[in-house]
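The block underneath contains the structure these notes are about, expressed in structure tokens.
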Amino acid sequence: MTMRMLVSVRSVDEALLAARGGADFIDLKEPNEGALGGLPVATIGAIVGALRAHGIGLPVSATIGDLPMHAPGAILAQVDAVGACGVDYVKVGIERGPEAFAVLDALAACNWPVVPVFIGDHGLDAALTAHACTLGFPGLMVDTADKQAGSLFDAVPMADLRAFLAQVRAAGQMAGVAGALRTAHVPLLQSLAPDFAGFRSAVCVGDRKAALSPERLAALAALLHGEAVEPMPA
């Protein structure tokens with residue numbers, strides 16, 4: 001199966017641009033607010049409404065913001081608020097540590113399709129991933145928090161990424177990766193072959209806080225979907 005492209009957007013205009021530029025998933029987040037910075041609930045609802053009004057049926061995910069594992073009540077409340085906006089998936093960052101197990105249990109028991117996103121800056125916890133794989137989530141992801149420290153491939157060894165993907169696939173769940181990914185990382189991504197890969201930096205002119213570039217979107221979509229394309233700068 002072709003690796004699918006998830007593109008993170010912050011507005012209606014960006015969402016429509018990503019959808020028309022070859023994205024397979026539309027991911028809603030605010031890059032100015034951190035790795036998994038959350039958009040206002042009203043903005044999430046407006047983006048979902050605009051996509052559907054334009055006849056775009058691509059799956060839409062949205063983050064809840066960067067919330068600590070010791071605040072499960074706040075996490076669940078935000079999951080409820082974001083889920084009620086009509087998104088297909090609610091993404092929740094999971095920091096490794098003993099509190100994360102109980103957070104995953106609570107998320108699995110909620111009424112929304114949650115995708116836990118394991119933050120890999122300090123390594124992946126195989127036991128935590130294994131636990132999440134037993135809970136019936138539609139998918140699991142690995143990402144990084146510090147986008148200035150390099151890419152996912154700088155933070156997590158390839159062997160650990162392969163093990164993560166194997167665990168998730170064995171459980172019958174979607175497996176995704178993200179973390180300051182660039183076009184130069186496409187060969188590594190193709191070697192890993194996740195179900196989807198998340199991008200923001202690679203499709204912006206400048207850093208991830210800048211505007212999306214239609215040209216970079218089209219070039220990356222062509223690379224991931226196996227089409228011929230003129231090379232673009234990373």
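Placing pseudo-labels 7 Å out from each Cα toward the beta carbon at Ala170 and His225 gives an inter-label distance of 3.4 nm. For Lys209, a cut-off of 13 angstrom between C-alpha atoms picks up these aspartates and glutamates, skipping any fewer than 8 places away in its own chain: Glu14, Glu30, Glu33.
Magnitude of the charge dipole for region 115-234, about its Cα centre and with charges confined to Cβ atoms of Lys, Arg (+1) and Asp, Glu (-1), is about 100 debye.
Annotation: amide H of Cys204 within the under-5 Å range of Ser213, sequence separation 5 or more or interchain, hydrogens built in the peptide plane. Taken per residue, the accessible surface of the chain reaches 40 Å², heavy atoms only and a 1.4 Å probe.
P(r) for region 65-189, from all Cα pairs and a bin width of 5 Å, is 2, 11, 22, 24, 20, 13, 6, 1, 0 %, short bins first.
In this structure, the amide hydrogen of Leu28, modeled 1.01 Å from its nitrogen in the peptide plane, lies closer than 5 angstrom to those of Val9, Ser61, Ala62, Thr63, counting only residues at least 5 positions away or on a different chain.
May I ask you to rank Glu99, Glu33 by accessible area, largest first, using a 1.4 Å probe over the protein chains only? Write down the numbers at each step before the final one.
Working: Glu99 95, Glu33 120 Å².
Of Glu99, Glu33, the descending order of accessible area is Glu33, Glu99.
In whole percent, how big is the carbon plus sulfur part of the accessible area of the chain, probe 1.4 Å, protein atoms only? Display every interim value, and only then the final one.
On the way: 5250 of 9290 Å².
After summing per-atom areas, the C and S share lands at 57 percent.
Evaluating 6.51 cos²θ - 1.76 cosθ + 1.60 at θ = phi - 60° for every residue in region 122-132, the Karplus couplings come out as 10, x, 9, 9, 4, 5, 5, 4, 4, 5, 4 Hz, glycine and proline recorded as x. Each residue of region 168-174 is assigned a 3J(HN,Hα), and the resulting list reads 5, 5, 4, 8, x, 10, 5 Hz, derived from the Karplus form 6.51 cos²θ - 1.76 cosθ + 1.60 (θ = phi - 60°), x at Gly and Pro.
Each listed q (0.09, 0.14 Å⁻¹) maps to a log10 I(q)/I(0) for the chain, found by the Debye formula over equal Cα scatterers with no solvent: -0.33, -0.83.
Using a Förster radius of 30 Å, what is the FRET efficiency between Ala130 and Asp207 based on their Cβ-Cβ separation? Nearest 0.05, please. Could the numbers behind the result be given before it?
Working: r = 35 Å, r/R0 = 1.16.
The pair Ala130/Asp207 has a calculated efficiency of 0.30.
For region 108-185, the relative contact order works out to 36 percent when only alpha carbon pairs closer than 8 Å and six or more residues apart are counted. In straight-distance terms, cross-link reach from Lys91 covers every one of the lysines whose alpha-carbon lies under 16 Å from its own, apart from those fewer than eight places away in the same chain; here that gives Lys29. Give me the percent of Cα-Cα pairs in region 54-109 that sit more than 14 Å apart, rounded to a whole number. Distances greater than 14 Å cover 53 percent of the Cα pairs.
Computed from backbone phi, the HN-Hα couplings of region 47-54 come to 5, 4, x, 5, 4, 5, 5, 8 Hz, rounded to whole numbers (Karplus: 6.51 cos²θ - 1.76 cosθ + 1.60, θ = phi - 60°; Gly and Pro given as x).
With helices as the sole contributors, the chain gives -11000 deg cm²/dmol at 222 nm; each DSSP H run of n ≥ 4 counts as -39500 (n - 2.57), and the sum is divided by every residue. Between region 200-225 and region 1-68, the alpha-carbon centres lie 14 Å apart. For Phe118, the residues whose modelled amide H falls within less than 5 Å of its own, excluding neighbours fewer than 5 places apart on the same chain, are Ile94, Met141, Val142, Asp143.
Among beta bridges identified by DSSP and lying wholly in the chain, the antiparallel ones come to about 5 percent. Extending 7 Å from Cα along the Cβ direction at Arg52 and again at Ala81 yields two label points whose distance is 2.1 nm.
The values are calculated or read from the model by the stated rules, or taken from the named source; none is laboratory data. A quick note: this is a predicted structure, and the numbers were derived from the prediction, not measured. Cβ: placed from backbone, ideal geometry, glycine included. Neighbour counts: every protein chain shown. We work out accessible area using only protein heavy atoms, side chains counted, and drop any ligands, DNA or RNA first. Shrake-Rupley method; radii C 1.70, N 1.55, O 1.52, S 1.80 Å.
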